[in-house]
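J.: Could you have a look at this structure, given as structure tokens, before my questions?
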Amino acid sequence: MGKNKPSIPKGTRDFGPEEMSKRNYIFDTIKEVYALYGFQQIETPAMEKLQTLMGKYGDEGDKLLFKILNSGDYLKGINDSELQERNPLRLQTKLCEKGLRYDLTVPFARYVVMHREELQLPFKRYQIQPVWRADRPQKGRYREFYQCDADVVGSDSLLNEVELMQIVDTVFQRLGIRVLIKINNRKILTGIAEVIGEADKIVDITVAMDKLDKIGIDLVNEELRSNGIAEEAIEKLQPIIKMQGSNDEKLEVISNVLKTSETGMKGVEEMRFILDTLKNIGLNSEMDLDLTLARGLNYYTGAIFEVKALDTEIGSITGGGRYDNLTGIFGMPGLSGVGISFGADRIYDVLNTLDLYPKEAISATQLLFINFGEKETDYCLPIVAKSRAANIRTEVYPDKVKMKKQMSYADAKKIAYVALAGDNEIAQGKITLKNMVTGEQKLVTADEMIAIVAG
């Protein structure tokens, strides 16, 4: 091997068997809950036409798209002077007509526009696939990672928002993670900016407000001043910055400040509906109205939400919101939607940190048959088949090697039971079953063995 040892591209990962069991446990849990609410799965190709992807994520995003060289003679449409110019942007449009998808939202929008005729609206879809970004890899940031999205398009009803919150609540309850669901509304933020006359400063305002717990009110006001926000505006913001108490009490304060803003009041009304309905249903997770929450402001138009794990410092593990114009980028305006995205990689870390994986989710083989030779194996194979028919994950050691080696294989794979059959067992038509955890052995029939292992 030496110096030519193989490696993988920066920012990508291999997942071994144990990691895959854990990842599947997360994805299977999420899929089951999506299905409970009538969401259906779709998949789109790893690569899209570049024209589908370019210009949808801003200039920064365009740079982070992985482009795919045309197959065959990709230089054939290019003359020498173009090559000498070395203009990467001009060249790549000629060299590449495809790119790897950067997220699942743009492909979903394309899918909806292409399949508009056969879709039943509202359309509830979920999609769990990898996306690629030519980003600088760093801790927790990868160039290939999975997104796990669910969206409802073609309905303005706030019952969709309510349902997505129930989905989040159910998923984390099943995973055993205690979470806080933070919720805000883009219209409330717009209303605040309107009322205080600082429409273009809303991002600065939320960023400053977000620091209240860390630096205190005086320094928050200082930061607002240094961002060029007028004294009079800061004065009007005070009740909102200091706001405390229950969600209802916060809504009271907000509606007081926003009474002159039609957009703002609409936001308050939407928020009230969502929170009251959820209170009526009864969630396990706590909902927190948080005005400092300002996810991707240019994108969302209504409710926005983010989920934080309570027992670890991992940050946001799910987010989403309502947007007004999913398909407008492809010339089909007016389709509103609301969606969420589970951060599978972060949820994986949370479950690891808190050691919350159920044993059965990550255990593989349950029963191993020891190989003593041809005659013994002939006796065992029908029993092995019977064991698998009873849904027990069963292996036969393929080679006749020292018992010790076969036992250490069972240990390494954390196999709970080992079955042995030599002359003695065969004569009685039975099997010796060894419990690898307690070390106890007993002579049993095939059916008794199956009952014990199946537990």
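The values are calculated or read from the model by the stated rules, or taken from the named source; none is laboratory data. Bear in mind the structure is a predicted one, so any value in this text is a computation, not a measurement. Cβ atoms come from the backbone with ideal geometry, glycine included; neighbour counts cover every protein chain shown. Each accessible area value is taken on the protein alone, full model and side chains, heavy atoms only, with ligands, DNA and RNA left out. Shrake-Rupley method; radii C 1.70, N 1.55, O 1.52, S 1.80 Å.
J.: With (1) among the hydrophobic types (A, V, I, L, M, F, W, C); (2) touching a Leu at 6+ places or on another chain (Cβ under 9 Å); (3) surrounded by 12 or more Cβ atoms within 10 Å (Cβ to Cβ) as the list, and Leu83 as the residue in question, which single condition is left unmet?
T.: (3)
J.: What about Ile383, is it open to solvent by 10 Å² or more (accessible area, probe 1.4 Å), over 17 Å from Asp151 (Cα atoms) and either touching a residue at least 40 places away in the same chain (Cβ under 8 Å) or not acidic (Asp, Glu) (or both)?
T.: For Ile383, the condition - open to solvent by 10 Å² or more (accessible area, probe 1.4 Å), over 17 Å from Asp151 (Cα atoms) and either touching a residue at least 40 places away in the same chain (Cβ under 8 Å) or not acidic (Asp, Glu) (or both) - is met.
J.: Tell me, which residue of segment 60-72 that is over 15 Å from Thr93 (Cα atoms) and exposed (fewer than 15 other Cβ atoms within 10 Å of the Cβ) is nearest to the chain's Cα centre (by Cα)?
T.: By that ranking, first place goes to Glu60.
J.: Is there a residue being within 30 Å of Leu293 (Cα to Cα) and open to solvent by 40 Å² or more (accessible area, probe 1.4 Å) anywhere in segment 388-409?
T.: Looking through segment 388-409, none of the residues is within 30 Å of Leu293 (Cα to Cα) and open to solvent by 40 Å² or more (accessible area, probe 1.4 Å).
J.: Then there's this: For segment 307-317, enumerate the residues that are touching a residue at least 40 places away in the same chain (Cβ under 8 Å) and surrounded by fewer than 20 Cβ atoms within 10 Å (Cβ to Cβ).
T.: Of everything in segment 307-317, those that are touching a residue at least 40 places away in the same chain (Cβ under 8 Å) and surrounded by fewer than 20 Cβ atoms within 10 Å (Cβ to Cβ) turn out to be Lys308, Leu310, Asp311, Thr312.
J.: Would you point out which residue out of Leu121, Leu89 is assigned to a helix (DSSP H, G or I), open to solvent by 40 Å² or more (accessible area, probe 1.4 Å) and out of contact with any Lys or Arg (no Cβ under 6 Å at 6 or more places or on another chain)?
T.: Unique residue meeting the criteria: Leu89.
J.: Now for a separate question. Step by step: first the residues of segment 360-380, then only those that are open to solvent by 50 Å² or more (accessible area, probe 1.4 Å) and among the charged types (D, E, K, R), then the one that is farthest from Val444 (Cα to Cα). Which residue is that?
T.: Checking each candidate, the answer is Glu360.
Results for (1) under 22 Å from Asp204 (Cα atoms); (2) assigned by the TED database to the domain that holds Arg322; (3) modelled with pLDDT under 95, shown as yes or no for each residue.
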| residue | (1), (2), (3) |
| --- | --- |
| Val253 | yes, yes, yes |
| Leu258 | yes, yes, yes |
| Glu269 | no, yes, no |
| Ile274 | no, yes, no |
| Asn280 | no, yes, no |
| Leu283 | no, yes, no |
| Leu293 | yes, yes, yes |
| Leu297 | yes, yes, yes |
| Ala303 | yes, yes, no |
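J.: Counting just the residues of segment 417-435 that are of a type in the set (A, V, I, L, M, F, W, C) and surrounded by fewer than 17 Cβ atoms within 10 Å (Cβ to Cβ), which one comes out nearest to Phe372 (Cα to Cα)?
T.: That would be Ile426.
J.: Can you find, within segment 131-148, the residue that is least open to solvent (accessible area, probe 1.4 Å) among those that are under 30 Å from Val162 (Cβ atoms) and out of contact with any helix residue (DSSP H, G or I) (no Cβ under 7 Å at 6 or more places or on another chain)?
T.: So the residue we want is Val131.
J.: Out of Gly320, Gly328, I need the residue that is under 30 Å from Glu48 (Cα atoms) and surrounded by fewer than 18 Cβ atoms within 10 Å (Cβ to Cβ). Which one?
T.: None of the others qualify; the one that does is Gly328.
J.: Being outside any loop (DSSP other than H, G, I, E, B), within 30 Å of Pro122 (Cβ to Cβ) and of a type in the set (Gly, Ala, Ser) narrows it down to one residue among Ser341, Ser408, Ser387; which is it?
T.: Sole residue among the options that is outside any loop (DSSP other than H, G, I, E, B), within 30 Å of Pro122 (Cβ to Cβ) and of a type in the set (Gly, Ala, Ser): Ser341.
J.: What are the residues in segment 161-174 that are open to solvent by 10 Å² or more (accessible area, probe 1.4 Å) and either among the basic types (Lys, Arg) or in contact with a Lys or Arg (Cβ under 8 Å, 6 or more places away or on another chain) (or both), if any?
T.: Arg174
J.: In segment 31-50, is there at least one residue being at pLDDT below 95, open to solvent by 40 Å² or more (accessible area, probe 1.4 Å) and closer than 20 Å to Ile329 by Cα?
T.: Checked segment 31-50: no residue is at pLDDT below 95, open to solvent by 40 Å² or more (accessible area, probe 1.4 Å) and closer than 20 Å to Ile329 by Cα.
J.: Right, next: For segment 238-267, enumerate the residues that are outside any helix (DSSP H, G or I) and either surrounded by 20 or more Cβ atoms within 10 Å (Cβ to Cβ) or among the polar types (S, T, N, Q) (or both).
T.: Gln244, Ser246, Leu258, Thr260, Ser261
J.: Let me ask something else. So is Ala208 in a helix (DSSP H, G or I), touching an Asp or Glu at 6+ places or on another chain (Cβ under 7 Å) and assigned by the TED database to the domain that holds Tyr299 or not?
T.: Judged against the criteria, Ala208 is a match.
J.: Does segment 287-298 contain any residue that is assigned to a helix (DSSP H, G or I) and loosely packed, with under 14 Cβ neighbours inside 10 Å?
T.: no
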